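Please read the structure below before turning to the comments.
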Amino acid sequence: MERILKPTADDTWLFGMDSSGGQVSGSRFAISNGFLGTFDAAVASAGDPVAVPTRTYVAGLFDAVGPDGSMTALIPAADWLRLHISIAGTPLVRQPFQRTVLDVSRGVLMTETRAGSLLERGLRLVSLHDPSVGLQLIELGIDEAGLEVTLEASVDLSALDLEPQRIEHDLGVWRTRHSGQALAMAVAAALEIDGADRTAATPAPLTWSWSWTSRAGQVVRFRRAAAFVRSDAAHFDPGVKARDTLNHIRRIGWRSVVEAHEAAWASRWHSSDVQIAGDAEAQRAIRFAAYHLNSAANPADERVSIGARSLTGEGYHGHVFWDTEIFLLPFYILTWPEAARSLLLYRFHTLDGARAKAARMGWRGALYAWESALTGAEMTPEHLKDQDGNWVEVLCGTQEQHISADIAYAVWQYWRTTGDDRFLLEAGAEILLETARFWASRAVPEADGYCHIRGVIGPDENHEHIDDNAFTNVMARWNIRRALEAAEMLQQRWPQHWSGLSGRLGINEAELREWSGVAERIFTGFDAKTGMYEQFSGFFDLEDIDLAPFTDRTDPVEVQLGQERTQNAQIAKQADVVALLALLPEAFPGDSGLRNFRYYEPRCSHRSSLSPAMHGLVAARYGDTGMAMRFFRQTAAIDLADRPGPVDEGVHIAALGGIWMLAVFGFAGLSVREDGIALDPRLPEGWDSIAFRVQWRGRCLYVGAHRRSGVVEATLEEGEPMIVTIGGERREISRDQGLSMRIGSNRHSRA
Ligand code: IFM
């Protein structure tokens, strides 16, 4: 057997399943590289002799869909992995594969099926080294002599939502019907029997067929490479580039494609692996999360971002939400700054869409789309069917406005952590200023002397048309203040740049003063006497329901209570004030953070997959590692627990980002400071240690924390000396001089 077809020995890198249950969850086993995402679209129905379609999405390939064309969605590319094997004319049942193993250390999916005297082992990958390339390898072992075997490989050209432009023997070029984009796919396939290449018959374009008579002990190797190119320009034919890439693969050979892909994964894991000793289940969960996070981004394409299900499924049509900036960017900023930069540049390129949305709704500045696709125009559907099949109005596209502050928050975190001044000057400052300008027009002064933001939805989407959502208002105030800080910094450090930017945006001193006034007077709902934020005006007057009796059932609390009662109750769908506490702990003076957490945590239904990790992060920071661990496992189960029914919507990439945040910001207690990195670890019961790398302003820092001994270590692997603060003690470290400190073992678990 080819080495590549063998899984890694350490099973904390392996996610497998066999088909004895009759189901294969496609999205969990998706392979992706931020440009291509391939997964089994349907849950395989056992016994179906026809190959189950495999779906491939190409990042950024969007088009208008639906009867009235009002919805923009990612359009699947043609299935390039189709393979039919038959013996004496009888198709071989290949799917569901008897065994499927995702090896996340190498980013490959392996499959295995035995049918009679034939053993099929397969592997597919989409290259992390060259994201335009996909590779499929199949090895057949045949025990019996005299079988008439046919193997046909093809690209499925049926039922495509794309218009064919050119379909040739090795190339397909398609156009989207409305968005003016094009997709090219160049494919080569080859078969080797007992070590010798066999020429294929090509009965149709993009179809290769071989027939032979087997001998006992025969080894047959099939390989197929595909090169994908997306073009956003109406008149550019991407076919030439796709063929060039394919020719390049032919020249270097498929083994080199595999080697470059494996090297790229090794490099990503070097930067982003989190090692947890003592808890194999947690180790697997965080590797699964980091695998999908590393698979979701493509630093080379700043015109696309990551959808709520990344490229692993159909959910949310590939649309981009606040999930990316709040739940994913922390991982990229600290382990893959190039990817973080590119994702933020997507927001810069879609700034005009955000300006247009604000203007259309009567405000100034930039109000980002709640659901964003290619251009930044609002993509949230206005109506959706609920679970009873009734059409309901969706208000998030007009009312869930915290998205603008969330993006500003990520811009600032990126700049502060990386020190990437060029990004700030070329893109970041403009995002900060235009979002601040939106909030300054959105928060309206009223007779009580405060500026109010009325008629919004906060992260808790159970409550609509609300006034003064604490999360929205405090994030808006923070957004304005950071924009003012950026303006002042630009004036001082880069006056010429400031004069160009402020001139182009029409910002003058009077406007900056006005923003400052609004920030001072934004109503936050914080009561200094009680130390409590009210989630929104009137929240405390709503029915207070003990959720405990509702949580044992499988249907969500909201469904059990009904929509009307939920809306009139203190039940948050997800972290709201708690999310504010996770993002801006400095907005909670004294012990008010813990007080708010204790109040809001039991009032959350966690109906959103984004919720448990945020709660876990805060619980860990307060030392309640038992509760934090429960949230960690709850989050891990979202994509890893075996559930009945199809799971082809895609992985919950924000929840996976949340797992990483919980481990690194929560259990390891990492925070980014002006002068460096701080660590304040509190490891849960069962974790012996945690270790990982982060990047800070061009440096690479390796940190480890050990539960029993209470020792925390930091090693500077790259870059100039920096400050590391451990358990409150500030120390300088350099490449020659690492740091090892004991911070007391009993503080790890305060559950
Ligand atoms: O962005 C989230 C939102 O907060 C809750 N509903 C699902 C969206 C996409 O994940």
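The values are calculated or read from the model by the stated rules, or taken from the named source; none is laboratory data. Everything numeric here is computed off the predicted structure, so don't read it as measured data. Backbone-built Cβ (ideal geometry, glycine too); neighbour counts: all protein chains shown.
Within the set of pairs 6+ apart or on separate chains, which have a first residue in the range 390-415 that is free of Cβ contacts under 8 Å to residues at least 60 places away in the same chain and under 24 Å from SER441 (Cβ atoms), a second that is within 13 Å of the ligand (Cβ to nearest atom) and outside any helix (DSSP H, G or I), and C-beta atoms under 7 Å apart?
Short answer, once both residue conditions are applied: GLY397/TRP370; GLY397/GLU371; GLY397/THR380.
Determine which member of the set ARG177, ARG166 is surrounded by fewer than 18 Cβ atoms within 10 Å (Cβ to Cβ), assigned to a strand (DSSP E or B) and touching a residue at least 24 places away in the same chain (Cβ under 8 Å).
The unique qualifying residue is ARG166.
Could you give me the residue pairs with C-beta distances under 7 Å whose first residue belongs to the range 306-334 and is on the phi > 0 side of the Ramachandran plot, whose second residue is of a type in the set (Lys, Arg) and within 11 Å of the ligand (Cβ to nearest atom) wherever it lies, and which are 6+ apart or on separate chains?
Matching pairs, first to second residue: TYR316/ARG309.
Restrict the check to the range 650-659 and report whether at least one residue is within 16 Å of ALA277 (Cβ to Cβ) and buried (at least 23 other Cβ atoms within 10 Å of the Cβ).
no
Answer yes or no: is there a residue in the range 554-574 that is under 20 Å from ALA637 (Cβ atoms) and aliphatic (A, V, I, L, M).
There is at least one residue in the range 554-574 that is under 20 Å from ALA637 (Cβ atoms) and aliphatic (A, V, I, L, M).
Would you mind telling me which numbered condition in (1) among the small types (Gly, Ala, Ser); (2) farther than 19 Å from ILE457 by Cα; (3) more than 15 Å from the ligand (Cβ to nearest atom) ALA408 fails?
(2)
Could you figure out which of (1) more than 16 Å from the ligand (Cβ to nearest atom); (2) within 30 Å of MET532 (Cβ to Cβ); (3) among the hydrophobic types (A, V, I, L, M, F, W, C) isn't true of PHE471?
Of everything listed in (1) more than 16 Å from the ligand (Cβ to nearest atom); (2) within 30 Å of MET532 (Cβ to Cβ); (3) among the hydrophobic types (A, V, I, L, M, F, W, C), PHE471 misses just condition (1).
Please specify each residue of the range 714-751 satisfying the condition of being in contact with a Gly (Cβ under 9 Å, 6 or more places away or on another chain), assigned to a loop (DSSP other than H, G, I, E, B) and modelled with pLDDT under 95.
Selection gives GLY727, ILE743, GLY744, HIS748, SER749, ARG750, ALA751.
Given ARG504, ARG454, ARG437, ARG481, which one is surrounded by fewer than 21 Cβ atoms within 10 Å (Cβ to Cβ), more than 30 Å from GLN570 (Cβ to Cβ), at pLDDT 95 or above and among the basic types (Lys, Arg)?
After ruling out the rest, the residue left standing is ARG504.
Is it the case that the range 688-699 has a residue that's over 25 Å from the mean Cα position of the chain (by Cα) and at pLDDT below 95?
No, the conditions are met nowhere in the range 688-699.
Return the residue satisfying two criteria in turn: it lies in the range 313-326 and is part of a loop (DSSP other than H, G, I, E, B) and at pLDDT 95 or above, and of such residues it is farthest from the ligand (Cβ to nearest atom).
Taking the candidates together, the pick is HIS319.
Could you tell me how many of the residues in the range 213-238 are among the hydroxyl-bearing types (Ser, Thr, Tyr) and assigned to a strand (DSSP E or B)?
Total satisfying the criteria: 2.
Of the numbered conditions (1) touching an Asp or Glu at 6+ places or on another chain (Cβ under 6 Å); (2) surrounded by 21 or more Cβ atoms within 10 Å (Cβ to Cβ); (3) under 19 Å from HIS317 (Cβ atoms), ASP406 satisfies every one except a single condition; which is it?
For ASP406, the exception is condition (3).
Quick one: which of ALA264, ALA282, ALA290 is farther than 22 Å from GLY428 by Cβ, out of contact with any Gly (no Cβ under 9 Å at 6 or more places or on another chain) and not hydroxyl-bearing (Ser, Thr, Tyr)?
Just a single option satisfies the conditions, and that option is ALA290.
If I filter the range 654-676 down to residues being of a type outside the set (Lys, Arg) and in a strand (DSSP E or B), which single residue comes out as farthest from the chain's Cα centre (by Cα)?
GLY676
Report, ordered by the first and then the second residue, all pairs with beta carbons closer than 8 Å, sequence separation of six or more or different chains, a first member in the range 443-464 that is within 9 Å of PHE523 (Cβ to Cβ) and within 11 Å of the ligand (Cβ to nearest atom), and a second member that is among the charged types (D, E, K, R) and not in a strand (DSSP E or B).
none
Any idea which residue in the range 355-381 is surrounded by the most Cβ atoms within 10 Å (Cβ to Cβ), counting only those that are farther than 19 Å from LEU343 by Cα and touching a Gly at 6+ places or on another chain (Cβ under 7 Å)?
ALA358
Condition first: at pLDDT 95 or above and within 20 Å of ALA188 (Cα to Cα). Now tell me which residues in the range 45-75 satisfy that.
THR56, TYR57, VAL58
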